[in-house]
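Student: So that we are looking at the same thing, I have put the structure below in structure tokens.
Where a number appears in this text, it was derived from the coordinates with a stated rule and is not lab data. Just so it is clear, the structure is predicted and the values come from calculations on it, not from any experiment. Every residue, glycine among them, receives a Cβ derived from its backbone with ideal geometry; neighbour counts consider all protein chains shown.
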Amino acid sequence: MYLSGTSGPPATGGMAPLGLGSMEVRVGGRYRLGRKIGAGSFGAIHLGTNIQTGEEVAIKLEPLKSRHPQLLYEAKIYKILSGGIGIPLVHWYGVEGDFTIMVLDLLGPSLEDLLNFCKGRLSLKTVLMLADQMINRIEYVHVKNVIHRDVKPDNFLLGMGHKANQVNLIDFGLAKRYRDARTQQHIPYREGKALTGTARYASINTHVGLEQSRRDDLEAVGYVLVYLVRGSLPWQGLPGRTKQEKYDQILKRKMETTPQDLCSELPSQMALYLSYCRELQFEDRPDYGYLRQLLREPFVREGFQLDFVYDWTIIASKSQTASTEQRPAAGEFP
């Protein structure tokens with residue numbers, strides 16, 4: 001399980017086309033292209049190796065003939081975000097052969113992968129530990145004048161090795177600058193926009209066609225948290241003959257479901273989180289500290305320890321010897 005990617009035809013590299021097993025394919029002069037490890041709508045992700053250092057990386061390829069190219073744009077967003085905790089580093093990007101290519105840090109499993117590994121539901125303790133880091137990542141992106149616009153479990157990945165407990169935010173192909181970095185001028189309010197992102201986690205305002213802003217990323221985080229702890233959302237699996245019919249059904253159910261109903265049997269602070277996000281105005285700066293504190297309250301009340309022992313840590317430890325990999329000190333969020 002690695003950095004999520006996109007799908008497409010076999011790639012070609014600087015030395016030989018993919019598929020010729022005996023021939024080595026290189027990217028950017030220093031990265032050996034390995035096996036395919038991920039796929040989606042825009043291209044493919046391969047395992048790669050830095051031939052100078054031996055470091056493993058993820059190599060994302062997008063065909064030049066892609067109908068909706070986004071990889072170079074995504075690389076530019078990563079450059080804006082470079083240096084942030086939980087933001088993968090771009091080692092190289094450019095065009096080789098028939099492909100646009102981006103080389104990034106290799107990461108571990110996504111929250112969707114881990115949810116499946118844990119049989120479809122995560123404990124409240126695990127979700128609250130994740131929530132703190134997830135809000136931190138979104139806040140950092142917003143400070144850099146960018147909104148993500150596709151917040152979902154597949155786009156939050158755990159790290160590798162001594163960073164195995166660190167939550168990383170990936171996939172900025174749909175991201176957008178919501179304000180000018182120099183003047184701090186916010187983008188204008190608009191209506192009639194098509195839904196950008198993933199309908200299951202999209203905010204109500206996104207569904208009704210409003211331009212997205214910071215509030216929408218955070219509302220989506222709220223839906224992700226409920227999904228992780230409950231294992232599903234009430235608007236999953238609704239019927240519809242077309243994509244738009246399904247979107248309409250999802251919106252109808254979302255609008256009918258109050259935060260209190262959605263978070264029944266969960267800590268009241270989760271409903272307060274969603275209510276706060278839904279009440280934000282288009283240009284409002286969210287109070288990230290307030291949202292973090294809201295979700296820390298049930299963590300403390302339940303007597304949980306910030307030990308980074310997640311559900312999957314416990315499951316894995318039962319089936320194999322305890323890992324000796326370094327962890328962050330207890331009580332410190334990465």
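Student: Return one number: the angle in degrees, 0 to 90 and rounded to the nearest 10, between the long axis of the Cα atoms of helix 268-279 and the longest principal axis of the Cα atoms of the chain.
Tutor: Long axis of 268-279 versus the principal axis of the chain: about 80 degrees.
Student: Pairs of lysine in the range 109-306 with Cα under 26 Å and at least 8 positions apart or on different chains: total?
Tutor: Eligible lysine pairs with Cα atoms under 26 Å apart amount to 28.
Student: Do any chymotrypsin sites (Phe, Trp or Tyr not before Pro) in the range 224-287 lie in a loop, going by DSSP, with at most 12 other beta-carbon atoms within 10 Å of their beta carbon, and if so which?
Tutor: none
Student: Out of the range 33-115, which GluC sites (Glu not before Pro) are coil in DSSP terms and have no more than 15 other C-beta atoms within 10 Å?
Tutor: Those satisfying the criteria are Glu55.
Student: Under 19 Å from a point placed 7 Å out from the Cα of Lys76 along the Cα-to-Cβ direction: which residues of the range 182-198 have their backbone N that close?
Tutor: Of the residues in the range 182-198, 182-188 have backbone N under 19 Å from the label point off Lys76.
Student: A follow-up question, please. Please pull out the direction-averaged projected area of the chain, using the convex hull of its alpha-carbon atoms, in nm² to one decimal place.
Tutor: The Cα convex hull of the chain, projected and averaged over all directions, gives 18.6 nm².
Student: Let me ask another. Per the Kirkwood definition applied to all pairs of different Cα atoms, how many angstroms is the hydrodynamic radius of the range 109-306?
Tutor: So the Kirkwood estimate lands at 17.3 Å.
Student: Ignoring everything except DSSP H segments at least 4 long, calculate the 222 nm mean residue ellipticity for the chain; use -39,500 (n - 2.57) per segment, divide by total residues, nearest 500.
Tutor: Numbers: 10 runs with 112 residues, N = 334.
Here the helix-only value at 222 nm equals -10000 deg cm²/dmol.
Student: Provide the FRET efficiency to the nearest 0.05 for the Glu256-Ser232 pair, computing r from the beta carbons and using R0 = 25 Å.
Tutor: 0.95
Student: With labels modelled as points extended 7 Å from the Cα through the Cβ direction, what inter-label distance (nm, one decimal) is found for Ser319 paired with Val143?
Tutor: 3.8
Student: Per-residue HN-Hα couplings for the range 185-191, Karplus 6.51 cos²θ - 1.76 cosθ + 1.60 at θ = phi - 60°, whole Hz, x for Gly and Pro?
Tutor: So the J values, rounded to whole Hz, are 6, 6, 4, x, 5, 9, 10.
Student: Check which residues have an amide H placed less than 5 Å from Ile37's amide H, if you skip close sequence neighbours.
Tutor: Result for Ile37 returns Ile45, His46, Leu47.
Student: Suppose we flag trypsin sites (Lys or Arg not before Pro) only when DSSP calls them loop and at most 13 other Cβ atoms lie within 10 Å. Which is the longest uninterrupted stretch of the chain? Walk me through the numbers on the way to the answer.
Tutor: Working: sites that count: Lys65, Arg67, Lys119, Arg182, Arg190, Lys193, Arg241.
Value returned for the longest uninterrupted segment is 242-334.
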